[in-house]
Amino acid sequence: YDDDAAYRLTLTALEVGYRNFFASVLAGNQKGFAKAIKASGIPRDELYICGTVLSNRARGEEAAFIKTKQGCQENMNAFSYGDIIKVDQIMLDYPAGDVDSIRGQWKAFEEMKKEGLVDTLAVSNFNARQVDAVLTMPSVTKPAVNQLPFSVAYHPSGILDYNKERGVLVQSWSPLSRVLTNPTYRPVLASIGNEHGKTPAQVGLRWIIQSGASFCTQSKSKEHFAEDLNVFDFELSAEEMTKLSLLAAA
């Protein structure tokens, strides 16, 4: 959606209680998001803001460094519309095509951190080999997060393990994709939800949390914003977790 929609929906999310925001450059609406942050009047130190850089098509360490550096500056330019002069986290949307190029991407992130423009670095859609391309760099800042597709409907074996072994938290993007629309999955989530007074969506999100991951969510509805946030006051049993985990294998 456009900047106007981002402005309106960011204010809605803030009203509901969200304070951690993932503002992807791929959405093309960082300016609208930033303007809403400013208009809200909420102190900056109460918010956690993550931007993203898309530079995966660059080839070679130097080209990837330059392209990523440019992306970092584009983030700061967009966020300046909300008087945001520093972000809490910056994330690579995708890895470049080879080890040298990935390292060029990461060097630009390291430079952004040294300049005091960001505290935490992160990646998205990185496999174990690509994460290792970063971790084997000298004096490297470890990525805090690896944003990946991860849900009741899609959780390949080992996806959590290879990140946990490297000290990286998996964050699910599109955490309910193919979950609520699947005629096999939904009745199971609904049945479990009835036991806890929760919706199928809340059960699906809680499964992610108890699996050891986090998630980012989006909505155009105030009600859904509130629904997705209300997942921290119940716990799925071991049996329920197993039942949900086995759905994707059915």
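The values are calculated or read from the model by the stated rules, or taken from the named source; none is laboratory data. A quick note: this is a predicted structure, and the numbers were derived from the prediction, not measured. All Cβ positions, even for glycine, are placed from backbone atoms using ideal geometry, and neighbour counts span all protein chains on display. Calculation scope for accessible area: heavy atoms of the full protein, side chains included, ligands and nucleic acids excluded. Shrake-Rupley method; radii C 1.70, N 1.55, O 1.52, S 1.80 Å.
Just wondering, is there one or more residues in the stretch 17-27 that are more than 25 Å from Ala96 (Cα to Cα) and open to solvent by less than 60 Å² (accessible area, probe 1.4 Å)? Yes - at least one qualifying residue is present in the stretch 17-27.
Can you tell me which residue is most open to solvent (accessible area, probe 1.4 Å) among those in the stretch 151-178 that are within 18 Å of Pro95 (Cα to Cα) and in a loop (DSSP other than H, G, I, E, B)? My answer is Arg166. So for the stretch 204-223 (the condition being over 18 Å from the mean Cα position of the chain (by Cα), open to solvent by 50 Å² or more (accessible area, probe 1.4 Å) and within 26 Å of Cys50 (Cα to Cα)), does at least one residue qualify? Yes, some residue in the stretch 204-223 is over 18 Å from the mean Cα position of the chain (by Cα), open to solvent by 50 Å² or more (accessible area, probe 1.4 Å) and within 26 Å of Cys50 (Cα to Cα). Do we have any residue at all in the stretch 64-74 that's buried (at least 17 other Cβ atoms within 10 Å of the Cβ), in a strand (DSSP E or B), on the phi < 0 side of the Ramachandran plot and among the aromatic types (Phe, Trp, Tyr)? No: the stretch 64-74 contains no residue that is buried (at least 17 other Cβ atoms within 10 Å of the Cβ), in a strand (DSSP E or B), on the phi < 0 side of the Ramachandran plot and among the aromatic types (Phe, Trp, Tyr). For Ala238, the conditions (1) open to solvent by 70 Å² or more (accessible area, probe 1.4 Å); (2) touching a residue at least 24 places away in the same chain (Cβ under 8 Å); (3) of a type in the set (A, V, I, L, M, F, W, C) all hold with the exception of (2). Has the stretch 179-197 got at least one residue that is closer than 18 Å to Met241 by Cα and assigned to a strand (DSSP E or B)? Among the residues of the stretch 179-197, not one is closer than 18 Å to Met241 by Cα and assigned to a strand (DSSP E or B), which makes the answer no.
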